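Read through the structure below, which is laid out as structure tokens, and then see the notes.
The values are calculated or read from the model by the stated rules, or taken from the named source; none is laboratory data. Since the model is a prediction, treat every value here as computed from it, not as a measurement. For neighbour counting, all protein chains shown are included, and Cβ atoms are generated from backbone atoms with ideal geometry for every residue, glycine included.
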Amino acid sequence: MSLSRLDALRARLELPVVRRATGLLEGRHRSIFAGHGQDFDELVEYRPGDDPKDIDWKTSARAGHPIIKRFQKETNLSIVLAVDTGRSMAALTPTREVKAEVAVLLAEVLAWIARSRGDQVGLVSGDAERIRQIPARQGTEHLETLLRRLERDMGPDAPPSDLSRVLQRVLTATGRRSLVVIITDEARPTPANEPDLRRLRTRHEVVVLAIADLNPAAVTARDGVVVDVDGGVLPDFLRDDAAIRREAEATLAAHAVAVQGMLRRRGIERGIVTGTDDVVDVLVDVLRRQRRARR
């Protein structure tokens, strides 16, 4: 029997690094309940409907009225993968890998971590013409199906990207507070997505994993014919003109500053993934920064 893609992934990853990522998901969802539990939270006055077995008699005697103990209990985390499947994800990364392959690997790593913790994973993916929604559930079979469908939806024949449609579907379809992981390319989210991100952030924890674009200035005549996934073959003069390269780089830098400022205002951490080799390291770094920001 062949290995599942999640079991095959385990053989590729350095487990100590992945365990660090797993640990960074601890403590994100806690429920308060009365009685015996994991971590003591507080003493509260007994109210009708509370279980009398939960009364702390010594504390009650000192207070002169019934007191119960409340504890915090760890609950399973719900992770929603909000993935951009637009045509731009068929472009190349700085490592000359296809961005869609890096995006699927990110989803695989998150699914593997979730399976090891018993967490639920759901998918909302889409572009300008399609939206796919798979409710959050547990289990290897569910995760394998989710990943296969995500992989099939990404490619050069896909419609253009429209991250707003993905974010809006997450808002309407996800009721339980979740960790929403937005997987897109370096050009997104844009400042135009800020209203949706603001609403999303009030209901959920949100991080962005953006897959870097191959810098146009790094493409030379030695690369032969260069095709833009949206615009077709690039004329040679666009690659060879130094002034055009500088203008393009300045535009990209200004966009990056605007996006970072927008995400900072919304309390959303972002990581830039340049290729498959840094997927886990960037994921660990983003989760660490996001966890620190929650304190």
**OP:** Mind listing whichever residues of the range 126-140 are more than 19 Å from residue 176 (Cβ to Cβ) and part of a strand (DSSP E or B)?
**Re:** 126, 131, 132
Original post:
Pick from the range 173-198 the residues that are assigned to a helix (DSSP H, G or I) and at pLDDT 95 or above: which of them is surrounded by the most Cβ atoms within 10 Å (Cβ to Cβ)?
Top reply: 197
Subject >> Top-ranked residue in the range 268-295 [being touching a residue at least 40 places away in the same chain (Cβ under 8 Å) and surrounded by fewer than 14 Cβ atoms within 10 Å (Cβ to Cβ); ranked as nearest to residue 107 (Cα to Cα)] >> reply: 277
**OP:** Inspect the range 102-114 for any residue being β-branched (Val, Ile, Thr) and part of a strand (DSSP E or B) and give the result as yes or no.
**Re:** no
